[in-house]
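Asks: Please read through the structure below; I'll follow up with questions.
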Amino acid sequence: MRIIKKRNKFKVESHEKGVFYEVSLESKRCSCPHYRFRLAQQGEQCKHIAAVRKWVSERVQSKGKGILEFIKAKEEVDTMFLIKEYGESIVNDLIANGEIIEKDGKIRLLE
């Protein structure tokens, strides 16, 4: 399943080549018909949401450990510093995965 990241949203390719569904981990929604018409009402996730969650989790595990250790040592870190140091993409992935939280321009571990 091909996944393309666009800021805080993801495009996940359907089983049909060239057909993509939009997934938001923040709102836990997918634009696929199976999710919209069946699973959303049941509070469940579709295979596209599951694929994005797995993709983000693997990315966080491989790239995010150093960032998490840095934040833990400092307790709170300036958001812009973290983005400049590690990149906006991985910071957004950590937020979407529920590892860190950003409030008032500061980032800390989500406890």
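Asks: From the C-alpha gyration tensor of the stretch 17-62, pull out the three semi-axes of the equivalent ellipsoid (sqrt of 5λ each), sorted largest to smallest, in whole Å.
Replies: That gives 20, 13, 8 Å for the three semi-axes.
Asks: Expressed in whole Å with the largest first, what are the equivalent ellipsoid semi-axes of the chain derived from the C-alpha gyration tensor as the square root of 5 times each eigenvalue?
Replies: 29, 14, 11
Asks: Could you report the chain's accessible area per residue, 1.4 Å probe, as an integer in Å²?
Replies: 67
Asks: Which net charge results for the neighbourhood of GLN45, defined as the other residues with beta-carbon distances under 15 angstrom from its beta-carbon, given Lys and Arg at +1 and Asp and Glu at -1?
Replies: +4
Asks: Let me ask you something else. For the stretch 40-91, what is the charge dipole size about the Cα centre, in debye to the nearest 20, if Lys and Arg each add +1 at the Cβ and Asp and Glu each add -1 at the Cβ?
Replies: Taking the Cα centre of the stretch 40-91 as origin, the dipole is about 280 debye.
Asks: Taking a 1.4 Å probe, which of ARG59, ARG36 shows the most accessible area, and what order do the others take after it?
Replies: Result, largest first: ARG36, ARG59.
Asks: Here's a follow-up. Please find the FRET efficiency linking ILE83 to SER27, where r is the Cβ-Cβ separation and R0 is fixed at 22 Å, and quote it to the nearest 0.05.
Replies: E(calc), rounded to 0.05, equals 0.45.
Asks: Continuing with this model, one more query. So for the stretch 45-110, Kirkwood radius off the Cα pairs, Stokes-Einstein at 37 °C and 0.692 mPa s: how many µm² s⁻¹?
Replies: D, rounded to a whole number, is 272 µm²/s.
Asks: Output wanted: per-residue J couplings in Hz (rounded whole) for the stretch 45-59, from phi through Karplus 6.51 cos²θ - 1.76 cosθ + 1.60, θ = phi - 60°, x for Gly and Pro.
Replies: In residue order, the calculated couplings are 10, 8, 5, 6, 5, 4, 5, 5, 4, 5, 4, 5, 4, 5, 5 Hz.
Asks: Counting only protein heavy atoms, what percent of the accessible surface of the chain is carbon or sulfur at a 1.4 Å probe?
Replies: Carbon with sulfur: 46 percent of the solvent-accessible area.
Asks: Considering only the other residues whose Cβ falls under 13 Å of the Cβ of LYS54, what net charge follows from Lys and Arg at +1 and Asp and Glu at -1?
Replies: Once all neighbours under 13 Å are counted, the net charge is +1.
Asks: Order of 73-80, 21-28, 47-54 by packing, highest average Cβ count within 10 Å first?
Replies: Ranking, from highest mean packing down: 47-54, 21-28, 73-80.
The values are calculated or read from the model by the stated rules, or taken from the named source; none is laboratory data. On a predicted model such as this, the values are computed, not experimentally measured, just so you know. Every residue, glycine among them, receives a Cβ derived from its backbone with ideal geometry; neighbour counts consider all protein chains shown. Calculation scope for accessible area: heavy atoms of the full protein, side chains included, ligands and nucleic acids excluded. Shrake-Rupley method; radii C 1.70, N 1.55, O 1.52, S 1.80 Å.
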